Amino acid sequence: MNTTEILFFFLSALAIFSAIMVLISKNPIHSVLWLVAVFFAISGHYILLNAQFLAIVNMIVYAGAIMVLFLFVVMLMNLNAETEPQKNLWMKLAGVISGGCLLMVLVSLVRQATDLNAKKAMTTTGDIGLIKNLGKLLFSEYVVPFEITSVLFLSAMIGAIVIGKKE
Amino acid sequence: MPIQYYIYLSLVLFSIGIIGVLTRRNAIIVFMCIELMLNSVNLLLVAFSKMHLAFATANDKLATTVGTDGQLFVFFIMVVAAAEVSVGLAIIVMLYRNTHSVDINFLNRLKN
């Protein structure tokens, strides 16, 4: 086992464990913090795949901005383990079973796909994830979607203000 | 690294997100599980872009920018997710202001 494999399995175990802890922690603040751990593990995977720009953006935008927004809302509402609404046990069991069925079907699908055998993802080499290549493509071929993004952000901003303001 | 490992990891994370949406009743946690599902798809897109690059460079040494599109799609997914979070959290804050709870069962009042 070389270093890349050890890092891959460590980051995968960290991501899955933190994702499970997001579900089972009673306190919403702990859930938010575990989700930050998931995002850091996924950023580690991006670095392992040599997608350095996405790793940094994932850390800044997701683990930084979005999760702080979640934390801010949770603390604003003063949510804690006592006020946490609970579903009954049968509903939880039904949810876990249906999610497990979906996982089982998808995994069996991937196992049967002979196309995927011997295909490898390039780790630690290949520089398409560097900002030079991404920027060239973003401002030449994808410049129209990039501009439309600004309209999306403007409408999201106006929408959030209109919804959030008091009557 | 075989591509199947990345697919299995993404599937597990996506299923955990689905289970969270189905089993939790706190609207904020449901929203966070949707973010988790978006992130698992992002990871899969990056892995596939690097798989595509490995396949292309094996046949043609000059094809060094194949698969950049996949990583740009991840960039656009992050943009849409940021916009979605701002609007969604505004809706949750409004729900809390009206009902003093973030229980998603209160949303069945939308029926009438």
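The values are calculated or read from the model by the stated rules, or taken from the named source; none is laboratory data. What you see is a predicted model; the values in this text were computed from it and never measured. Positions of Cβ are backbone-derived with ideal geometry, glycine not excepted, and every protein chain shown enters the neighbour counts. SASA here: full protein model, heavy atoms, side chains in, ligands and nucleic acids out. Shrake-Rupley method; radii C 1.70, N 1.55, O 1.52, S 1.80 Å.
Within straight-line reach of A:Lys165, meaning a Cα separation under 19 Å, sit the following aspartates and glutamates at least 8 residues removed in sequence or on another chain: B:Glu84. Based on C-alpha pairs under 8 angstrom that are at least 6 apart in sequence, chain B has a relative contact order of 26 percent. For the residues B:Leu89, B:Leu44, B:Leu62, a GNM of chain B with alpha-carbon springs under 10 Å puts the largest fluctuation on B:Leu62. The mean count of C-beta atoms from other chains within 10 Å of the C-beta of residues in B:84-96, rounded to a whole number, is 6.
Given a 1.4 Å probe and no ligands, DNA or RNA in the count, how much accessible surface is buried by A and B, both sides, to the nearest 100 Å²?
Values: alone 13390 and 8200 Å², together 14360 Å².
Interface between A and B: roughly 7200 Å².
What percent do you get for the relative contact order of region A:3-129 when only Cα pairs under 8 Å and 6+ apart count? The partial results should precede the final answer.
Working: 91 pairs, mean separation 38.7, N = 127.
In percent, rounded to a whole number, it is 31.
What trypsin sites (Lys or Arg not before Pro) in region B:1-91 are in a loop by DSSP, with at most 11 other Cβ atoms within 10 Å of the Cβ? Show your work: numbers first, answer last.
Numbers: sites: B:Arg24, B:Arg25, B:Lys50, B:Lys61; in loops: B:Arg24, B:Arg25, B:Lys61.
Sites meeting the loop and neighbour criteria: B:Lys61.
Backbone geometry of region B:11-17 corresponds, through the Karplus equation with coefficients 6.51, -1.76 and 1.60 at θ = phi - 60°, to 3J(HN,Hα) couplings of 5, 5, 5, 5, 5, 4, x Hz, x marking Gly and Pro. With respect to chain B, whose longest principal axis is taken over its alpha-carbon atoms, helix B:27-59 is tilted by about 10°.
Can you give the Rg/Rh ratio of chain B, where Rg is from the C-alpha atoms and Rh is the Kirkwood radius?
Working: Rg = 18.9 Å, Rh = 16.4 Å.
Value, to two decimals: 1.16.
Taking chain A as a Gaussian network of alpha-carbon nodes connected by springs under 10 Å, the highest mean-square fluctuation of the residues A:Gln52, A:Gln86, A:Gln112 belongs to A:Gln112.
Here the Gaussian network model covers chain A, with springs between Cα atoms less than 10 Å apart; of A:Phe17, A:Phe153, A:Phe139, A:Phe153 fluctuates the most.
Between B:Met51, B:Leu62, B:Asn98, the Cα set farthest toward the positive side of the dipole of region B:3-111 (charges on each charged residue's Cβ, about the Cα centre) is that of B:Asn98.
Report the longest stretch of chain A that contains none of the trypsin sites (Lys or Arg not before Pro) sitting in a DSSP loop with at most 12 other Cβ atoms within 10 Å.
Working: sites that count: A:Lys26, A:Lys165, A:Lys166.
For trypsin sites (Lys or Arg not before Pro) (loop position, at most 12 other Cβ atoms within 10 Å), the longest site-free span of chain A is A:27-164.
Between A:Lys120 and B:Asn98, the modelled labels are 5.6 nm apart [label points 7 Å from Cα along Cα→Cβ].
For region A:59-112, with all protein chains present and a 1.4 Å probe, just round the carbon and sulfur fraction of the accessible area to a whole percent.
On the way: 2600 of 3490 Å².
Carbon and sulfur together cover 75 percent of it.
Screening chain A for whole DSSP H helices with an alpha carbon extent of at least 27 angstrom along the helix axis and a mean Kyte-Doolittle hydropathy of at least -0.5 yields A:3-24, A:28-48, A:89-112, A:143-164.
Peptides A:122-129, B:66-73, B:53-60, A:41-48 ranked from most to least packed give A:41-48, B:66-73, A:122-129, B:53-60, packing being the mean of other C-beta atoms within 10 angstrom over each peptide's residues. Around the Cα centre of chain A, unit charges on the Cβ atoms of Lys, Arg, Asp and Glu (plus for the first two, minus for the last two) sum to a dipole of about 160 debye. Probing with 1.4 Å while keeping every protein chain in the model, the per residue accessible area of chain B equals 41 Å².
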